[in-house]
1. What FRET efficiency would be calculated for the residue pair Asp111, Glu88, taking the C-beta separation as r and a Förster radius of 22 Å, to the nearest 0.05?
2. Got a sec to turn the phi values of the stretch 119-132 into Karplus ³J(HN,Hα) couplings, 6.51 cos²θ - 1.76 cosθ + 1.60 with θ = phi - 60°, whole Hz, x for Gly and Pro?
3. Can you run phi through the Karplus equation (6.51, -1.76, 1.60; θ = phi - 60°) for the stretch 104-117 and list ³J(HN,Hα) in whole Hz, with x for Gly and Pro?
4. Exactly which trypsin sites (Lys or Arg not before Pro) in the stretch 25-132 are in a DSSP loop and have at most 16 other Cβ atoms within 10 Å?
5. Whole-Hz ³J(HN,Hα) for each residue in the stretch 64-76, computed from phi via Karplus 6.51 cos²θ - 1.76 cosθ + 1.60 with θ = phi - 60°, x for glycine and proline: what do you get?
6. Which cross-chain or sequence-distant (5 or more) residues have an amide H under 5 Å from the amide H of Ala126, H modelled 1.01 Å from N in plane?
7. Counting only residues 5 or more places away or on other chains, whose amide H sits under 5 Å from the amide H of Arg24 once H atoms are built in the peptide plane?
8. Lysines near Lys74 by alpha-carbon distance under 26 Å, same-chain residues fewer than 8 away left out - which ones?
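A short reminder: the numbers here are calculations on the coordinates, not readings from a lab. As the structure is a prediction and not an experimental result, all values here were calculated from the model. Please note: Cβ atoms are built from the backbone with ideal geometry, for glycine as well, and neighbour counts cover all protein chains shown.
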Amino acid sequence: MHLTGLVLAAFLALTPQSAASPRRVPVGEWGGPHARLDVQEKVASLELDCARGTIDGALRLERGGRFRAKGLFKREGGAEMAQEAAPEGRPAQYSGTLKGNVLTLHILTEDEQKLGPFTLERGARADLVKCQ
């Protein structure tokens, strides 16, 4: 009986943690050229030079470190901002990959505009140039 317990403990120790719980993009600040991403447990906030957005839900990773999520996207500055009817933004699709501490992010807006890739590093400072 004691040997069975040892075998079970060894098996559990060798089983990847991702099998027990889904892998996610780690919580924290991610920064890079023209982008900053604040990842929380159930939501992420994005800030770009001339836009911002929110990503709904946890950023769960699939095979190869890929993720897809829905959210909102809002342009800022100039005529775009004055004409924006939805104060929170419009629907958008976010996708990307995580490799180590580097996250590559793509955005597909409601009007089929593709933005990115944005390369973000965990704990790095964002380099933003805000629009007027």
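1. With a Förster radius of 22 Å, E is 0.85.
2. 9, 10, 10, 5, x, 7, 7, 7, 10, 9, 10, 6, 7, 9
3. 10, 10, 10, 10, 10, 7, 4, 8, 6, 7, 9, 10, x, x
4. Loop-located and lightly packed - Lys42, Arg125, Lys130.
5. x, x, 8, 9, 9, 7, 9, x, 10, 9, 9, 6, 10
6. Gly32
7. Leu61
8. Counting by Cα, and skipping residues close in sequence, Lys74 has these lysines nearby: Lys42, Lys114, Lys130.
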